[in-house]
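Structure first, then comments.
The values are calculated or read from the model by the stated rules, or taken from the named source; none is laboratory data. Not measured: the values here are computed from a predicted model. So basically every Cβ, Gly included, is an ideal-geometry build from the backbone, and we count neighbours across all protein chains shown. Heavy atoms of the whole protein, side chains included, go into the accessibility calculation; ligands, DNA and RNA do not. Shrake-Rupley method; radii C 1.70, N 1.55, O 1.52, S 1.80 Å.
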Amino acid sequence: MDEPLLIRDRTAIVGVGHTEYAKSIDRSEKRLALEAILAALADAGIAPYEVDGLSSYTLETTDETEIARNLGLGDLTWFSQVGYGGGAGCGVVGQAAMAVATGQCRVAVAWRSRKRGAASARPWAGVAERVKGNHQWTRPFGLLRPVDEIAMLTRRYMHDHGATRPQLGAVAVTVRRHANRNPDAMMHAKTLTLEQYLDARWVSEPLCLFDNCLESDGAAAVVITGTDRARDLPGPPVLIHGFAQAVPRQHQVMTNYFCDDPLLGPSHACASLLWRHAAFGPGDVDVAQLYDAFSPLVPLSLEGYGFCGRGEGASFGEGDRLAFDGPGRIGGGLPVNTSGGGMSEAYLHGFNLIVEGVRQMRGTSRSQVPGATTCLVTSGEGVPTSALLLRSDDR
Amino acid sequence: MSGEARQPVTGMLLPAADDEDAAAFWRWCAAGELRVQQCAACGALRFPPRPLCPHCRAFDHDWARLSGRGTVWSWVVAHPPLLAAYAEQAPYNVVVVTSDDDPAIRFVGNIVESPGDRLDHVDPHRIAIGDPVEVVFEPVEDGLALPRWRRRTT
Ligand SMILES: [Zn+2]
């Protein structure tokens, strides 16, 4: 059989940058993207004219040509976009890594810029009175928002596995505590107790306000080069060890009720490829940034990526086992979303999770896991998804 | 069903029913029948409607009538912020029902007592996973009816 050309460790993230995160920023999505990319290039020590690859979400409202013309980039020889909203993030970076590893470009920039007022920001906002496509099977009945769609899966998950609201609350409370330590986080100054979580208003039962991610404006970007080039740059390279994407069989985006096992999310298929090509397994991951548009996605991802068995994800987080300063891997836990994640740092369709993964591998997180050298980053569960394995350079 | 006139809530979303497979499903609903595609080659049922059987790749299909009986697979209670027409009826239930004819067939809908009920007519907290239900059809305009669900005792 043909041996695949693995991208394992052949590319690295060499720069990260982001704007401030806030409920409303009075600058355009285009401008925010440019600011974040400039910051990432400065962090990398790479001049804009060296960039020859661009990677973004299909949600993005700024074309590659606009990015290139504004930044004064050189000739672009590779550019691509990944679909499915929050499922795209790791795919945007992973596909850029593939392009660099195969010589289609030498310096790639991946980014996400988001303004809530923008048309792309809220997929359910612009709905017409007539609903087309797969939404016609759900929206006329009042299943209108992503939170309703995930709440439906959550109720069944709680029923099948005995998961509880305090277990979901533990996710929200832990990532909030991480955000309280991160001055860039929107929730830096706002604490959250389990009691407040349990008293919060409902949004879509069984999910309450604090089971939801934030509404954020802001942008973040990363720079990817080949590993040899990365080692000549001023900062420490963060190696892209593995990358996978997945659309599981018979999957329907967000409303995945029409298959044999609706709770078997896309993370399972994504994990299968990710671990097959990795030199280490789930037991060797020191810290994870798990896509958290809604709190139940964290236990589902813990299960999908093999940190516990099916149905065990909710209890996995008990006893502070998701905290950066909790029992850690030795104590049966896994620190997650150490910047506060989508629920408490900012919601940029998961892109800030990648930035925090890089910080952990550089040792610069505000909630640094001591000695962490491997990090899993995941994108949306419940949609066609993607994941990255990052590791620090031990050379 | 009582004969009392109900005040319809305006501004609710309706299916476009504009692709050929979906249009047939909605036509059957308007006729008061719950039907899903059945592969003419291998006999497998499928929903939502689509052109090709994923099991045997046959395009030919019939529309098989289901018993209309099902079981609640999951449910939510939606609270605002919501589109105005739905916010007005919130909090209301939305359910996923598994067909008793084929566990691979599920529908999203609402538990009502009678077709035409507001979405908040039934106390959502009396709904439970496993509840037996049966389909009822609610005419919403000429040639279009939405399948909703009411609890059954048998
Ligand atoms: Zn067939």
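List of remarks:
- Exposure rank, largest accessible area first [A:H188, A:H178; 1.4 Å]: A:H188, A:H178
- Amide proton proximity set for A:N337, modelled H, under 5 Å, gap of 5+: A:A288, A:Q289, A:L290
- The Rg/Rh ratio for the protein assembly as shown is 0.99, where Rg is the radius of gyration of the alpha carbons and Rh is the Kirkwood radius.
- Direction-averaged projected area, Cα convex hull, segment B:16-65: 3.1 nm², rounded to one decimal.
- For the protein assembly as shown, accessible area per residue (1.4 Å probe, heavy atoms of protein chains only), Å²: 39
- Computed over chain B: relative contact order in percent, which uses C-alpha pairs under 8 Å that are six or more apart: 22
- For segment B:67-154, relative contact order (Cα pairs under 8 Å, six or more residues apart, normalised by length) works out to 30 percent.
- Accessible surface of B:F137 - all protein chains present, 1.4 Å probe, nearest 10 Å²: 40
- Within straight-line cross-link reach of A:K115, lysines at Cα separation under 19 Å, skipping those fewer than 8 residues along the same chain: A:K23, A:K30
- Cβ-Cβ distance of B:T71 and B:D142, R₀ of 25 Å, FRET efficiency by 1/(1 + (r/R0)^6): the value works out to about 0.20.
- Taking the longest Cα principal axis of chain B as reference, the axis of helix B:20-30 is set at about 50 degrees.
- Each residue, B:A31 and A:D260, gets one label point 7 Å from its Cα in the Cβ direction; the gap between the two is 3.3 nm.
- Residues whose amide H lies under 5 Å from that of B:V140, counting only those 5 or more places away or on a different chain, are B:A145, B:L146; hydrogens are built 1.01 Å from N in the peptide plane.
- Accessible-area order (highest first, 1.4 angstrom probe) of the listed residues B:T154, A:T193: B:T154, A:T193
- Mean Cβ neighbour count within 10 Å, used as a protection proxy, ranking A:7-17, A:44-54 highest first: A:7-17, A:44-54
- No Cys partner within the rule (Cβ under 4.7 Å), chain B: B:C29
- In segment B:43-128, trypsin sites (Lys or Arg not before Pro) in a DSSP loop with at most 15 other beta-carbon atoms within 10 Å: B:R57, B:R118
- For peptide A:143-156, the mean count of partner chain Cβ atoms within 10 Å of a residue's Cβ comes to 5.
- DSSP-defined beta bridges in segment B:67-154 - what % are antiparallel, rounded to 5: 95
- Per residue, the average separation of C-alpha pairs within less than 8 Å and at least 6 apart gives segment B:16-65 a relative contact order of 34 percent.
- Rounded to the nearest Hz, the phi-derived 3J(HN,Hα) couplings of segment B:50-56 under the Karplus curve 6.51 cos²θ - 1.76 cosθ + 1.60 (θ = phi - 60°) are 7, x, 10, 6, x, 8, 10, where x marks glycine and proline.
- Each residue of segment A:228-244 is assigned a 3J(HN,Hα), and the resulting list reads 4, 4, 4, 6, 8, 7, x, x, x, x, 10, 6, 8, 7, x, 7, 8 Hz, derived from the Karplus form 6.51 cos²θ - 1.76 cosθ + 1.60 (θ = phi - 60°), x at Gly and Pro.
- DSSP beta bridges in the protein assembly as shown [antiparallel fraction, %, rounded to 5]: 80
- Buried surface for the A/B pair, taken as the accessible area of each chain alone minus that of the pair with a 1.4 Å probe, is close to 3600 Å² in total.
- Table column - 3J(HN,Hα) (Hz), segment B:129-143, Karplus curve with 6.51, -1.76, 1.60, x for Gly and Pro: 4, x, 4, x, 9, 9, 6, 10, 10, 10, x, 10, 6, 3, x
- Long-range HN-HN contacts of B:D131 with modeled amide H, under 5 Å: B:V72
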